[in-house]
1. Go through the stretch 545-565 and give me each residue that's farther than 20 Å from ILE222 by Cα and either in a loop (DSSP other than H, G, I, E, B) or touching a helix residue (DSSP H, G or I) at 6+ places or on another chain (Cβ under 6 Å) (or both).
2. In the list ASN512, ASN532, which residue meets the criterion of being in contact with a Ser or Thr (Cβ under 9 Å, 6 or more places away or on another chain), open to solvent by 40 Å² or more (accessible area, probe 1.4 Å) and either of a type in the set (Ser, Thr, Tyr) or in a loop (DSSP other than H, G, I, E, B) (or both)?
3. Please specify each residue of the stretch 85-97 satisfying the condition of being open to solvent by 10 Å² or more (accessible area, probe 1.4 Å) and assigned to a loop (DSSP other than H, G, I, E, B).
4. Restricting the search to the stretch 430-487, which residues are over 18 Å from GLU506 (Cβ atoms), under 23 Å from the mean Cα position of the chain (by Cα) and among the polar types (S, T, N, Q)?
5. Whether any residue in the stretch 26-35 is more than 14 Å from the chain's Cα centre (by Cα), closer than 24 Å to VAL536 by Cβ and touching a residue at least 40 places away in the same chain (Cβ under 8 Å) is what I want to check.
6. Could you say which residue among ALA243, ALA288, ALA255 is among the aliphatic types (A, V, I, L, M), more than 30 Å from MET181 (Cα to Cα) and touching a residue at least 24 places away in the same chain (Cβ under 8 Å)?
7. Anything in the stretch 31-77 that is touching a Cys at 6+ places or on another chain (Cβ under 7 Å) and modelled with pLDDT under 95? List them, or say none.
8. Restricting to the stretch 312-360, name every residue that is among the acidic types (Asp, Glu) and over 20 Å from ALA387 (Cα atoms).
Amino acid sequence: MRQADLVLLHPPSVYDFRRQAILYGPVSDLIPSSPVFEMYPLGFLTITNYLEARGIKVRIANLALRMMNDRCFDVPSFISRLKPRAFGIDLHWLPHTHGALEVAKIVKRCHPGIPVIMGGLSASYFHDELIRDPHVDFVLRGDAVEEPLEQLLQQLGKERDFGVIPNLTWKEDGKVHANPMSCIPSDVDYVDLNPLQMVRMVLRYRDLQSVLPFNGWWQNPITAVFNVKGCLHQCQTCGSSAAASQCTVSRYQPAFRSPKNMVNNIQAIARISRGPIFVVGDINQAGADYAAETIALLHEARITNEIVFEMFSMPSQDFLPALDAAVKNWSLELSPESHDEIIRSRQDGTVNFSNAKMEALIHQALALRCHRVDVFFMIGLAGQTTASVYQTIDYCKRLFDVTDKRLSCFISPMGPFLDPGSHAFENPEASGYRVFARTLEEHRQRLLRPSWRQILNYETDSMTRDELVEATYAAAERLNELKLQFDRIDTKRYQAIARRIVRARELENRLNASEQGQLDPDTFALLQGEINEFSVSTVCDKQELFWRRHVMNFRWGSIARQLLFTKKVQAAERGALVEYS
């Protein structure tokens, strides 16, 4: 079996979660992954496709998922068998701080001479602190590192002139160098998402488990297509907002994927999968013409997969009818954050839609062929009180009252950390926040605390962490009751969530009462290695996030034909090269 040139390792949030006793809380209930945050960033796929197209072999190893699915999976033994030119470790989301650094330490222990490269938004923000870690050799800054990474890999085998590589932070003889941020692509068309490449990777390394994106993906194979890097909006807690993008990756304007390229990516996914395709980023951000062109191309493509669209603001009156005419199966995701328009405006002053406009959009969608509308609310917003959280649940009841079963509401705490680079992180007092961790090391240490109340790196000017935790469980209980009342969930699911909330709340209160966070032996035994019982499906059942399943999730015949076709093309190209030479 051929060794890869680059191995991309995705760490768990806390490396030794299988031995630790931590109540992670419901911080991941509204995303596909668990509190281990085993879903690797989409950048792994774009890096793979970019480098493979240039003859550089890449292997993805989702260590977090392997560790979840096999309690005996030996990470050092697995890493010791790999012999690439370099290892890449993502530190995209701040909750991976502990896991990323521990995995880097293991790599260096197994392979002292093989470079360790870190990347991601959090790595970019904390690059100066991160590069000083003895187990980290390079940090690639930015939200588009494919080209600098190729240059770095080429330099590793040549004269090693690292000073010419854009976006690179490196060290030599104890001195830290931060090269200029000069690679900031103005569009996203320079790399495609080719899902067939992942199939080839599985076959090449005979390793399916390391490539799966998150736990349960095989049964619910949702995929994503990003249409933008950066954002026009100014959500004050978001690490990809306009202000945060400027701060962290020097991106002053969003970079959009062209409609043609985006729809080509969607078609490539649809050729191998029947699962839902999530378009990440509001296609209206780039203007009405961009959205219209995207819809026109989707109409021509005639894709039958469910396509899920995000709406950051309210589109024009004719947007949904046009979408409905072009796409057979579609759904919407809306994130008003709060029912309170004043709090919503404080969270993002660039989003100026009223509840009335949002409700009109919902009714319009449900009058069309829309399969589903999910509405997401958050707990932990500046200006939001406990009473306001409960009023948000009352607003959910109002929405249930006037809609059908295709609409559902979700609420979750924001956390566990404020995103570095966001306005709230950079200017907490002005934003209505108190921040309890500023450095990478401080966040790493917080991740080892026994409860999510103690892990949180923030509280607001209106809610303490104690109040935030209590409001979360109380709101979840009430919303769970409403979903049963309005037939959004069945009795069995309602009872399971209700039991989880009671047990998680009792355990959280017990941990909070313990002196200096010390766990008694019984509590330690209850929590050791536990990620599901008290921290998954507590504010909602994760199954509520999944779309309709199919008898056959994948188009195996199409996959086989495509693999055979590309193999013949590659053989023909090699033959032509031999004949030419």
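1. Across the stretch 545-565, the qualifying residue is only GLN562.
2. Only one candidate passes the filter, namely ASN532.
3. Across the stretch 85-97, the qualifying residues are ARG85, HIS92, TRP93.
4. Residues satisfying the conditions are THR439, GLN445, ASN457.
5. Scanning the stretch 26-35, I find at least one residue that is more than 14 Å from the chain's Cα centre (by Cα), closer than 24 Å to VAL536 by Cβ and touching a residue at least 40 places away in the same chain (Cβ under 8 Å), so the answer is yes.
6. Answer to the selection: ALA288.
7. none
8. Applying the first criterion (among the acidic types (Asp, Glu)) to the stretch 312-360 yields 318, 324, 333, 337, 340-341, 348, 359.
Matches in the stretch 312-360: ASP318, ASP324, GLU333, ASP348, GLU359.
The values are calculated or read from the model by the stated rules, or taken from the named source; none is laboratory data. Quantities reported herein were computed from a predicted structural model and do not represent experimental measurements. Ideal geometry is used to build each Cβ from the backbone, glycine not excepted, and the neighbour counts take in all protein chains shown. When the accessible area is computed, the model is the full protein with side chains, heavy atoms only, and any ligands, DNA or RNA have been set aside. Shrake-Rupley method; radii C 1.70, N 1.55, O 1.52, S 1.80 Å.
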